[in-house]
Amino acid sequence: MLDVKKELNGDTLTVTLTGRLDTVTAPQLEEELKDSISGVKSLIFDIKALEYVSSAGLRVFLSNQKLMNKQGHMKLVGPTEDVKEIFNVTGFMDILTIED
């Protein structure tokens, strides 16, 4: 299960994710973001409560990174050690902006 909370403040969208971002929940997140990031200059994912990310979840982050490269920037904030390990093993630490 994945809980998604969005908060738009000016041109900054903060998306707080709680639970698991996997094959089942990644389409839900994609759908939630599809209409939300138009005009957004800063996309922030608060992932402090994200327990797990699968390859499907990584694809969602990557596709949004590519989109935000055209209109602003994106960062992920507060990954757990387990999620940070997934980013390290997959090489996503070098692709995405990730802050503790």
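Taking first residues from region 1-13 that are under 12 Å from residue 36 (Cβ atoms) and partners that are surrounded by fewer than 11 Cβ atoms within 10 Å (Cβ to Cβ) and β-branched (Val, Ile, Thr), no Cβ contact under 9 Å between residues at least 6 apart in sequence or on separate chains turns up.
Selection over region 24-83 of residues that are in contact (Cβ under 8 Å) with a residue 60 or more places away in the chain and closer than 17 Å to residue 5 by Cα gives a count of 0.
Evaluated against (1) over 12 Å from the mean Cα position of the chain (by Cα); (2) over 20 Å from residue 99 (Cα atoms); (3) not β-branched (Val, Ile, Thr), residue 51 falls short on exactly one condition, (2).
Bear in mind these aren't lab numbers, they're just calculated from the coordinates by the rules spelled out. Remember, predicted model here, so these are calculated numbers, not experimental data. A quick note on method: Cβ atoms are made from the backbone with ideal geometry, for glycine too, and the neighbour counts reach across all protein chains shown.
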